[in-house]
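The values are calculated or read from the model by the stated rules, or taken from the named source; none is laboratory data. These figures come from a predicted structure and were not determined experimentally. Because the Cβ atoms are built from the backbone with ideal geometry, glycine has one as well, and the counts that use them run over all protein chains shown. Side chains included, ligands, DNA and RNA excluded: accessible areas come from the protein's heavy atoms. Shrake-Rupley method; radii C 1.70, N 1.55, O 1.52, S 1.80 Å.
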Amino acid sequence: MKNKIDYSLYLVTDRALCRGEFLDCVEEAIKGGVSVVQLREKDASSAEFYRMALELRKLTSSYGVPFIINDRMDIALAVDADGLHIGQSDMPLDVARRILGSKKIIGVSASCVEDARLALEGGADYLGVGAVFATGTKSDADSVGIDELRRIKNSVDIPVVAIGGINEINAHIPMSAGIDGISVVSAIVASPSPLDSSKRLLDIVRKSKNI
């Protein structure tokens, strides 16, 4: 499964930004074309995070959409998520791979070519690169210019997804680097219509790929 994943429109959750019910928001986004869902709720307790993970595992499975857990290996294992996303300060990639096994997806955050190459050598399945634009959802993220994004994409043979402040106005800019998709938070979950916003963002991605 993991070799056939479409990373075009990668949703990262933030329940605080949702205008309606959390699950409804994610489901509408999936209906609009979101191709991967990552649960990232930094302020949730372990119990809350587990409950949300269970609910999203059921929802994403019903739509056949890959479900990724941010950072929390224990939760990923507990709900049998499709994979885990880790940052540079999280669990080492080799340890995560040993625990999760070869069939699960592991994504790694990268902000430079060196990060990208090390992740590739370590067996990462995809890279999340950013922040390409200023973002309020991850204030500690390093800034990555479009030229560096392009260099990262050219240095690895695994999918590269840009993240950080991406919306309908600027999504074409990171896509011009030849990457595989965009990772979006507020441009979808804070939208009055996550479904319509997802459709428009996916259209931008597809046009950039000439699909």
In square nanometres, what is one fourth of the surface area of the convex hull spanned by the alpha carbons of the range 68-211?
8.7
The alpha-carbon pair-distance distribution computed for the range 110-188, with 10 angstrom bins and whole-percent values, is 21, 55, 23, 1
With no solvent term and unit scatterers on the alpha-carbon positions of the range 8-107, Debye gives log₁₀ I(q)/I(0) at q = 0.17, 0.22 Å⁻¹ of -0.72, -1.18
May I ask you to list the GluC sites (Glu not before Pro) in the range 1-81 that are in a DSSP loop and have at most 12 other Cβ atoms within 10 Å of their Cβ?
GLU21
Can you give the Rg to Rh ratio for the range 164-205, taking only C-alpha atoms and Rh from Kirkwood?
0.94
Mean ellipticity per residue at 222 nm, deg cm²/dmol - from DSSP H runs of n ≥ 4 across the chain, formula -39500 (n - 2.57)
-11500 deg cm²/dmol
Chain lengthening between ARG206 and CYS112 when straightened (0.36 nm per residue, less Cα-Cα):
31.3 nm
Looking at this model, which pairs from LYS4/LYS103; LYS42/LYS199; LYS104/LYS199 are more than 24 angstrom apart at the alpha-carbon?
LYS42/LYS199; LYS104/LYS199
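Determine the per residue accessible area of the range 48-180 with all protein chains present and a 1.4 angstrom probe, expressed in square angstrom.
About 45 Å² of surface per residue is accessible.
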Can you compute the charge dipole magnitude of the range 139-211 about its Cα centre, using +1 on each Lys and Arg Cβ and -1 on each Asp and Glu Cβ, nothing else charged? Give it in debye, rounded to the nearest 20.
320
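With a 1.4 Å probe and every protein chain kept in, tell me what percent of the accessible surface of the chain is carbon plus sulfur.
Here it works out to 49 percent.
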For the chain, the dipole about the Cα centre with charges only on Cβ (Lys and Arg +1, Asp and Glu -1), to the nearest 20 debye, works out at 520
